[in-house]
Amino acid sequence: MGRPKAELVLTDDERETLARWARRRTSSQALALRCRIVLESATGASNKDVAARLGVEAHTVSRWRARFVRDRLEGLTDEPRPGGPRKITDDQVEEVVVKTLEATPKDATHWSTRSMAKEVGLSQSAVSRIWRTFGLKPHLVDTFKLSKDPQFIEKVRDVVGLYLAPPEHALVLCVDEKTQIQALDRSAPVLPGMPERRTHDYVRGGVTTLFAALDTATGEVIGQIHRRHRAVEFRKFLVRIDKEVPDGLDVHLICDNASTHKTPAIQRWLAAHPRFHVHFTPTSSSWLNQVERWFGLLTDKQIRRGVHKNVQALEKDIRTWIKTWNEDPKPFVWTKTADEILERLTGYLNRIPDSGH
């Protein structure tokens, strides 16, 4: 009983296409369900039986069965949604993108949404949507610095090799100094809240310098604080490292090219302690030294928002923070090989006109 259903007969090509769409991973769940409805209906089963097998309503089976009989495979796709026709053409979108990337306005160094809208004859909101779609942010400025070290490649391979394949019976330490750490006291007490409220002005209480050596294997840090930053203080720090590292282990130090690391006094000390081996990072490549990442954590968690009336209070908090860190140290895991770093850098340089590299 009821209204007679139109006969649903599939060709071999339609059956194959429906089966492929139903099991294809990239198909939407809605399209896959519609394909299964048609395949089940083609067996001669009633709408109720198909609905029970697939866990849907009978009227859903009826609708998609009728759509397929009328429009075949094209009827299973979603129909155009209602609404006004598109007003911005592909050529207009391309014009905005090309001008943003390849041109500048006459009276400025970069485009704004208003100046670009005036230039291309679109609304400001339309330009804003296009920029968001293509990830364009001409108002932002990013900086970079390229190393001109003639031994850049050799030094990168040397340092990265220590990270990925450290030598046996040896300790790899990333060494550097965080200089001119200021003891700052606000002119009024800090007010807790969301966000924290503090005065914009402060009272300087002096500066200090932290010498640090990060163990790349364990994440532990050897720290020493001095009021000055000279080769004399660096030599004292090397003596401290020598005392803390067990006998019988070689010590590989990863350092930058600061002059305090290369004075004759330091060279003589290193010659007298043959288990120490120094590996220099390329110039302008502090990102290669893992202790810089640890300095960033120290700055974020302790120094930037800290309040210290004098240098002694600052140094006490730094020592406490290092002690707390060493109670549960976390090493930084280096994942990129030297070849991957150099390949990415080469690709970046190729995008810079007349880079000279």
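Brief remarks on what is shown
- Unique match (being farther than 30 Å from His252 by Cα, touching a residue at least 12 places away in the same chain (Cβ under 8 Å), surrounded by 11 or more Cβ atoms within 10 Å (Cβ to Cβ) and of a type in the set (Asp, Glu)) among Glu177, Glu119, Glu94: Glu119
- The stretch 305-317 residues that are free of Cβ contacts under 8 Å to residues at least 24 places away in the same chain and of a type in the set (Gly, Ala, Ser), paired with ones that are surrounded by 15 or more Cβ atoms within 10 Å (Cβ to Cβ) and assigned to a loop (DSSP other than H, G, I, E, B) (beta carbon under 9 Å, 6 or more apart): none
- Matching residues in the stretch 227-249 - criterion: being open to solvent by less than 30 Å² (accessible area, probe 1.4 Å) and in contact with a strand residue (DSSP E or B) (Cβ under 8 Å, 6 or more places away or on another chain): Glu233, Phe234, Phe237, Leu238, Ile241, Val245
- Residues of the stretch 278-294 that turn out to be open to solvent by 10 Å² or more (accessible area, probe 1.4 Å) and aromatic (Phe, Trp, Tyr), as a count: 2
- Of all the criteria given as (1) part of a loop (DSSP other than H, G, I, E, B); (2) at pLDDT below 90; (3) of a type outside the set (Phe, Trp, Tyr), the one not satisfied by Glu94 is (1).
- Applying the criterion of being among the hydroxyl-bearing types (Ser, Thr, Tyr) and out of contact with any strand residue (DSSP E or B) (no Cβ under 9 Å at 6 or more places or on another chain) to the residues of the stretch 132-173, the residue that is nearest to Glu340 (Cα to Cα) is Ser147.
- Boolean, Lys336 is open to solvent by 50 Å² or more (accessible area, probe 1.4 Å) and within 26 Å of Val159 (Cβ to Cβ): yes
- Only residues that are among the polar types (S, T, N, Q), open to solvent by 90 Å² or more (accessible area, probe 1.4 Å) and under 17 Å from Asp71 (Cα atoms) were counted in the stretch 11-61, giving 0.
- Of the residues Thr113, Thr104, the single one that is open to solvent by 70 Å² or more (accessible area, probe 1.4 Å) and either on the phi < 0 side of the Ramachandran plot or modelled with pLDDT of 90 or more (or both) is Thr104.
- Selection from the stretch 128-153 of residues that are of a type in the set (D, E, K, R), exposed (fewer than 12 other Cβ atoms within 10 Å of the Cβ) and assigned to a helix (DSSP H, G or I): Arg132
- The one condition in (1) of a type in the set (Gly, Ala, Ser); (2) modelled with pLDDT under 80; (3) over 35 Å from the mean Cα position of the chain (by Cα) that Ala66 fails to fulfil: (2)
- Residue match in the stretch 316-336 (condition: over 25 Å from Thr179 (Cβ atoms) and modelled with pLDDT of 95 or more): yes
- Single residue of the stretch 178-216 satisfying the filter (modelled with pLDDT of 95 or more and either among the small types (Gly, Ala, Ser) or part of a loop (DSSP other than H, G, I, E, B) (or both)) that is farthest from Glu168 (Cα to Cα): Ala212
The values are calculated or read from the model by the stated rules, or taken from the named source; none is laboratory data. Not measured: the values here are computed from a predicted model. Methodologically, a virtual Cβ is constructed for each residue, glycine included, from the backbone with ideal geometry; neighbour enumeration extends over all protein chains shown. Ligands, DNA and RNA are excluded from the accessible area calculation, which covers all protein heavy atoms including side chains. Shrake-Rupley method; radii C 1.70, N 1.55, O 1.52, S 1.80 Å.
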